[in-house]
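Below: one structure, written as structure tokens.
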Amino acid sequence: MTIRTARSTAAALCNLTLLTVGLASAVAAAPAHAQAVHPPAAGPYVGAAAGWGITGFKGEDFSPAAAGAGLGLPAGSLTGSDSPNQFGFKLNAGYRLNEWLGAELGFADLGKAKYDYRSPAVGGGAAVSYRTRAATLAGVAWLPVTNEISLHGKLGVAFTQAENDLSLTAGGTRQSSSDRKRKNNLYLGAGAEYRLTSNVSMVGEYEYFGTVGDRDNTGRARAQLVSLGLRYAL
């Protein structure tokens, strides 16, 4: 489970890097009379992005063996497969104090990750739909590379909510339940920004919201988002 999640994260980061480089190259090839880009000025900005929400299910909470034990089934009764990567998006607003420092508020939805279980022995199965949302508050530090390109890092707090919708099917009957868990975590982010104009930037970013949920109710997962979007300086 851990290896699979790590590979999914690495693949998403690789795809994001290739897409950002490709788009940046296309912009760099634009006519020379395009609007000149000046160093970023202090002031507010807003942004939106979409990408891959990555839900790294904790094996000790979601593996078929753990799920079977929780349902009172004999060992080996369940098989399962997960779909940890789903469409995710985020919105943010911030204030740039100067070329290097700022503060930012954000909201992210990682989409509905899934874990499906099957039990041929009892003629049924179970399906878990796991959704993570987070509000974030962070300080931002930029490292300018050129007038157009900068790197950045974020450090702050994520106010997370994990929701687990469980559906059980056995003997021709179906039951469902839902649990939620709110939790505050350390929030980390890193990315690159390519300024298309003095006001509009293309931003590629990786964000980590910590381990969300709890062991006894929703189950735990590592929440991450890899995204590509636009930022507009007001």
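Of the numbered criteria (1) within 13 Å of HIS152 (Cβ to Cβ); (2) open to solvent by 50 Å² or more (accessible area, probe 1.4 Å); (3) basic (Lys, Arg), the one ARG195 fails is (2). Checking each residue in the stretch 172-182 for being open to solvent by 70 Å² or more (accessible area, probe 1.4 Å) and either modelled with pLDDT of 95 or more or small (Gly, Ala, Ser) (or both) picks out GLY172, SER176, ARG180, LYS181, ARG182. Considered as a group, the residues in the stretch 72-86 that are part of a loop (DSSP other than H, G, I, E, B) and more than 20 Å from ALA162 (Cβ to Cβ) include one that is most open to solvent (accessible area, probe 1.4 Å), and that residue is ALA75. Out of the residues in the stretch 87-108 that are surrounded by fewer than 18 Cβ atoms within 10 Å (Cβ to Cβ) and not aromatic (Phe, Trp, Tyr), state the one that is nearest to TYR206 (Cα to Cα). Residue satisfying both the conditions and the ranking: LEU91. Number of residues in the stretch 166-198 that are within 19 Å of GLY125 (Cβ to Cβ) and touching a Lys or Arg at 6+ places or on another chain (Cβ under 8 Å): the value is 2. Taking the criterion of being closer than 17 Å to ASP109 by Cβ, of a type outside the set (Asp, Glu) and open to solvent by less than 10 Å² (accessible area, probe 1.4 Å), the residues of the stretch 198-221 that qualify are PHE209, GLY210, VAL212, GLY213, THR218, ALA221.
Out of curiosity, is GLY68 touching a Ser or Thr at 6+ places or on another chain (Cβ under 7 Å), among the small types (Gly, Ala, Ser) and at pLDDT below 90? It is true that GLY68 is touching a Ser or Thr at 6+ places or on another chain (Cβ under 7 Å), among the small types (Gly, Ala, Ser) and at pLDDT below 90. ALA6 - would you say it is within 27 Å of ASP214 (Cα to Cα) and at pLDDT below 70? Yes, satisfied.
Evaluated against (1) touching a residue at least 12 places away in the same chain (Cβ under 8 Å); (2) surrounded by fewer than 17 Cβ atoms within 10 Å (Cβ to Cβ); (3) not in a strand (DSSP E or B), ASP61 falls short on exactly one condition, (2). Considered as a group, the residues in the stretch 142-165 that are open to solvent by less than 50 Å² (accessible area, probe 1.4 Å) and of a type in the set (A, V, I, L, M) include one that is farthest from ALA192 (Cα to Cα), and that residue is ALA162.
The values are calculated or read from the model by the stated rules, or taken from the named source; none is laboratory data. No experiment lies behind these values; they were computed from the predicted model shown. Backbone-built Cβ (ideal geometry, glycine too); neighbour counts: all protein chains shown. Just so you know, the surface numbers come from the protein's heavy atoms only, side chains and all, with ligands and any DNA or RNA stripped out. Shrake-Rupley method; radii C 1.70, N 1.55, O 1.52, S 1.80 Å.
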